[in-house]
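Read through the structure below, which is laid out as structure tokens, and then see the notes.
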Amino acid sequence: MPLTDTVTTEQQNTLTVRSLLVWGLLAGLVGGLLAFGFASAFGEPSVDAAISIEESGGAHEHSHGDAGQAHDHGTAAEEPAEEEPVSRAFQATGGLGIGAVAYGLGLGGLFSLAFAFAYGRLGSLSPRASAVTVAGLAYVGVVLVPFLKYPANPPAVGNGATIGERTGLFFGMIAISLVALVLAVVAARALSRRWGGWWSTLAGGAGYLVVVGVAAALLPAINEVPTGFPPSVLWEFRTASLGTSAVLYAGIGVAFAALLHRGLTRGRTL
Amino acid sequence: MTTHTVAVPTPIPVRIPVRQILPYAIFTGILSLIALYFVGAEQGALAVFDGTTVHELVHDARHLLGFPCH
Ligand SMILES: [Zn+2]
């Protein structure tokens, strides 16, 4: 018992939300950089292929600078070959890096908050296992399940006129999935007293799958892949997209777990 | 007792009180969501700023992170 007590007091000294946030941002930076590397290697080839298909006129009309809504372009609005604010070469390198790292930092911040709530509330999981579990569940709930209903699309796929509807449905699916996931975890924890961890976890997982399954069945389908768009490019792009997010979430989870472990064990004589 | 107590180096998780998390959650949550929004959706379906510079800058990341782009 004395052992448990020292551990407890020591952790309460070290584990503040503030340090979790710092670790979350650092982990987000790591995850963002790793995702940038993965996306450069595995994502850019299919993005480039899709853009050249788009420019060769294969797909429907879509100017790449047009976000699908009435922007105030000033005088440049009528020029079809608009001078792009960001060159294609920079988009694929610096822009991708900036986007991935900014997204990683934001996600890392949110991850640390989710972890702060989950920590010590996930049964007997160790700190590091908790971190990796939160990252894994977040990937399933925020990326994988919404993707199965509304998969990522490369340039040249997607009608600019429906961007609002598509964005709404995509975020709606993420929201449903995320809420169902959180409720499933809370329910599984609550039931674990009576049913034990195994059955309560299975029940939570099954409940989650039923909710997202029903949502996916009821929400409208979107298919705006132009006829003649090469399926191999689509497949390559979509697997690269899932992989980019997988690397991002895994990077955040593992880097955060390492920082957390270091923080928790620092100054302790093992 | 001694048979079970193999000194475990793994720290035992101690919950952080929700009251302690909330102030951070609101502040960081909003800032983080803004970052995600700018990468995922600004100058797409919604726009805070005019033009397309943000959209074009983060364009490839937006596609590869699975967001509807255009
Ligand atoms: Zn695009």
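Nothing in this text is a laboratory measurement; each read-out follows from the coordinates by a stated rule. Bear in mind the structure is a predicted one, so any value in this text is a computation, not a measurement. Positions of Cβ are generated from backbone atoms using ideal geometry, with glycine treated the same way; all protein chains shown enter the neighbour counts.
What average count of beta carbons from other chains do you get within 10 Å of the Cβ of residues in A:90-101?
5
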Q | Cα extents of region A:93-208 along the three principal axes, largest first (Å) | A | 52, 29, 16
Q: Take the Cα pairs of region B:19-65, get the Kirkwood Rh, then feed it into Stokes-Einstein at 4 °C and 1.567 mPa s and tell me D in µm²/s.
A: 110
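Using mean Cβ contacts within 10 Å as the protection proxy, how do B:21-29, A:97-105 order, highest first?
Details: B:21-29: 16.1, A:97-105: 24.2.
In decreasing order of mean packing, B:21-29, A:97-105 become A:97-105, B:21-29.
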(Q) How shielded is B:17-25 by partner chains, expressed as the average number of their Cβ atoms within 10 Å of its Cβ atoms? (A) 4
Q | Averaged over A:163-169, number of beta-carbon atoms from partner chains that fall within 10 Å | A | 4
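For region A:194-250, what is the Kirkwood hydrodynamic radius in Å, using each pair of distinct C-alpha atoms?
Radius from the Kirkwood sum: 14.9 Å.
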Q: Using a 10 Å cut-off on Cβ atoms, rank the peptides A:131-142, A:170-181 from the highest mean neighbour count down.
A: A:131-142, A:170-181
